[in-house]
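Report on the following structure.
Please treat every number below as a calculation from the coordinates, not as lab data. In this text the structure is predicted, and so the values were computed from the model without any measurement. For neighbour counting, all protein chains shown are included, and Cβ atoms are generated from backbone atoms with ideal geometry for every residue, glycine included.
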Amino acid sequence: MTLVLGIETTCDETAAAIVERRSDGERRIRANRIRSQVAEHARFGGVVPEIAARAHVEVLDRMIAEAMDEAGIGFGDLDAIAAAAGPGLIGGVMVGLTTAKALALGLGRPLLAVNHLEAHALTPRLVDDVHFPYLLLLASGGHTQLVAVREVGRYTRLGTTIDDAIGEAFDKVAKMLSLGFPGGPAVERAARDGDPERFALPRPMLGKPDPDFSLSGLKTAVRLTAESVEPLTATDIADLCASFQAAVVDCVIDRTRVAIRAFRREIGTPSALVVAGGVGANRAIRQALQRSATEAGLRLVVPPPALCTDNGAMIAWAGIERLDRGLVDGLDVAARPRWPLDAARAQPGARA
Ligand code: KG4
Ligand code: ZN
C-alpha cells in the first residue's frame, strides 16, 4: 500500500489530501480538505498574490492536521510528501513546497514536486482505469489546452488559447452582466432559460487547421451586443448567456475534433477523451464533448466536479504516479511561477 500527502497552494485554494493506492491497484481518497479564499479576494475583484500567500501560511498546517485526522493515520504512515511546485502565484507555491520539504526532511520520506497542470492531466487515472495515451482538454480559469498525455512526464500540447482561457471568458461575461463570481456557474444558470439563437455571436478559430482557441473576440462581441440592447431585461441576459454558451460549445466541439485528428496523425490512437479543470463542470460543454467523443469512437472521462477544480487529491495522485516511476525530487527543488507541460511547444510569454 502507498500513502501520499498532497499539498496544493498555487492559486486561491489551500488544499491538503491523503490518497492511498493499494497493492491490487485500487485507489482511495482518504481525505481531501480544501479551503477557498474567495471571500478574502472578493472585494478586490480578483486574486491578490500577497493576500493569497498569507492566507495559505495561516491555514495550511491546520489543514494538513485535519487531513491526517480524517484519514486516521500518523505522519510515520506516509510514504512520500507531494506538493504543487508550480505553475502559479509564486508566494503561495513557496508556502506549500516549503512545508512539504520540511515534512519530507523531518520524516525522512521522498519529496515529490508536482506540476499543477500534470496533476490535472493525471486525475482521470485516479478515478478511472484510463490508459496512456489519451487526449486531455484542460479548461479552467487560467488554462485552456488540448494535450496528448503519452506517459507520466511526457506531454504534447496540440493546442492552446491565444488569449483568454474559457473559464476566464465565462467569468468576464458574468462580470459584464453583473452575474457575480465565479462566473461559469452563473452564466450556465442564466443560459438555461435563454434562446441560444437570438444573438449571432462569432465562433473564433472555427475551421482553423490547428486546434487552438481564441475567446477574446467572442467576449467583446458579447459586450457590444449587451451595449446595443441596454437596458437589459432578465430575458435579454438569459438569451445573451445562452448565445454565448452556444458559441463556446461550437468552438469546443470543432477544436476538439481537430485535436483528435492531430492526435491520430502525430501520436496514434487515444484511449479516451478526458476533461479536467473547472469548465468541465458545465453541462452543455460536457454534453457536447460526449457527442464529439461518440462520433470519434472514443470514451469520454470527466472526473467529478470536486476533482476537476483545484484540489489536493490530484497532487497526491500525481505524486504516486511519479513515485512509481522513481521520479522523486531533491530538497533543493525550486518553486516555479511558470512551468509548461510541454516545454518544447510553450511560447515565450504564454500562460503556463
Ligand atoms: O479549475 P478551476 O477551479 O480553477 C482554476 O482556474 O485553476 O476553474 C475555475 C474556472 C472559473 O473560471 C469558473 O468560472 C469556471 O472554471 N467554471 C465554469 C463552470 N464552473 C466553473 N465555467 C463554465 N461553466 C461552469 N459550470
Ligand atoms: Zn488548476
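Just to confirm the number: angle between the C-alpha axis of helix 216-229 and the first principal axis of the chain, 0 to 90 degrees, nearest 10?
Result, in degrees: 50.
Rank 220, 234, 159 by how far each Cα sits towards the positive end of the charge dipole of segment 132-302 (+1 on Lys, Arg Cβ; -1 on Asp, Glu Cβ) and give me just the farthest.
159
What's the magnitude of the charge dipole for segment 132-302 around its Cα centre, counting Lys and Arg as +1 and Asp and Glu as -1 at the beta-carbon? Answer in Debye, nearest 20.
Numbers: 21 positive and 19 negative charges, 148 e Å.
With Lys and Arg at +1 and Asp and Glu at -1, about 720 debye.
What list do you get for 23, 216, 292 if you sort them by fewest beta carbons within 10 Å? Before the final figure, lay out the partial values.
Working: 23 7, 216 15, 292 21.
In increasing order of surrounding Cβ atoms, one gets 23, 216, 292.
Going by how many other beta carbons lie within 10 Å of each one, how would you line up 131, 143, fewest first?
Going from sparsest to densest Cβ surroundings: 131, 143.
Binning at 10 angstrom from zero up to the longest distance, how are the C-alpha pair distances of segment 132-302 distributed in percent?
Computed distribution, short to long bins: 11, 41, 32, 13, 3, 0.
Any idea what the dipole of segment 110-179 comes to, in debye rounded to 20, about its Cα centre with Lys/Arg Cβ at +1 and Asp/Glu Cβ at -1? Write out the running numbers ahead of the final one.
Working: 6 positive and 8 negative charges, 19 e Å.
My answer is approximately 100 debye.
DSSP beta bridges in segment 132-302, what fraction antiparallel, as a percent rounded to 5? Spell out each step's value before the answer.
Working: 12 of 19 bridges.
Bridges in segment 132-302 are about 65 percent antiparallel.
What ³J(HN,Hα) values, in whole Hz, does the Karplus curve 6.51 cos²θ - 1.76 cosθ + 1.60 give for segment 6-22 when θ = phi - 60°, with x put for Gly and Pro?
Once θ is set to phi - 60°, the couplings for segment 6-22 become x, 10, 10, 9, 7, 9, 10, 10, 9, 9, 9, 9, 10, 10, 10, 10, 7 Hz.
How much length would be gained if the chain were fully extended between residue 210 and residue 290, taking 0.36 nm per residue of separation minus their Cα-Cα distance, in nm to one decimal?
On the way: separation 80, 0.36 × 80 = 28.80 nm, distance 2.13 nm.
The span from residue 210 to residue 290 would gain 26.7 nm if fully extended.
Looking only at the chain, where both bridge partners belong to it, what percent of the DSSP beta bridges are antiparallel (to the nearest 5)?
The antiparallel fraction comes to roughly 65 percent.
Considering the dipole of the chain built from charges on the beta carbon (Lys and Arg +1, Asp and Glu -1) around the Cα centre, which of 307, 177, 91 is farthest to its positive end?
307
Give me the compactness ratio for the chain, meaning the Cα radius of gyration over 2.2 N^0.38 Å.
Details: Rg = 20.3 Å, N = 352, 2.2 N^0.38 = 20.4 Å.
In units of the globular-protein estimate, the chain measures up at 0.99.
Give the angle, between 0 and 90 degrees and rounded to the nearest 10, that separates the Cα long axis of helix 49-71 from the longest principal axis of the Cα atoms of the chain.
Helix 49-71 sits roughly 60 degrees off the main axis of the chain.
Tell me the net charge near residue 239. Cut-off is 10 Å between Cβ atoms, residue 239 excluded, with +1 for each Lys or Arg and -1 for each Asp or Glu. Intermediate results must be reported in sequence, preceding the final value.
Details: positive: 198; negative: 193, 195, 197, 236.
Here the count lands on -3.
Using a simple charge model, +1 on the beta-carbon of Lys and Arg, -1 on the beta-carbon of Asp and Glu, nothing else, what dipole does the chain show about its Cα centre, in debye to the nearest 20?
Numbers: 40 positive and 43 negative charges, 148 e Å.
With only Lys, Arg, Asp and Glu charged at Cβ, the dipole is about 720 debye.
Report, ordered by chain and residue number, the aspartates and glutamates lying within cross-link reach of residue 219, taken as a straight Cα distance under 14 Å and ignoring same-chain residues fewer than 8 apart.
163, 164, 168, 171, 227
At 0.36 nm per residue, and after removing the present C-alpha to C-alpha distance, how many nm does the segment from residue 229 to residue 23 gain when stretched out fully?
Numbers: separation 206, 0.36 × 206 = 74.16 nm, distance 6.13 nm.
Between residue 229 and residue 23, full extension yields an extra 68.0 nm.
Give the angle, between 0 and 90 degrees and rounded to the nearest 10, that separates the Cα long axis of helix 90-107 from the longest principal axis of the Cα atoms of the chain.
Roughly 20 degrees between the two axes.
Could you list 224, 289, 136 so that the one with the fewest beta carbons within 10 Å of its beta carbon is first and the one with the most is last?
Values: 224 10, 289 24, 136 31.
Ascending number of Cβ neighbours within 10 Å: 224, 289, 136.
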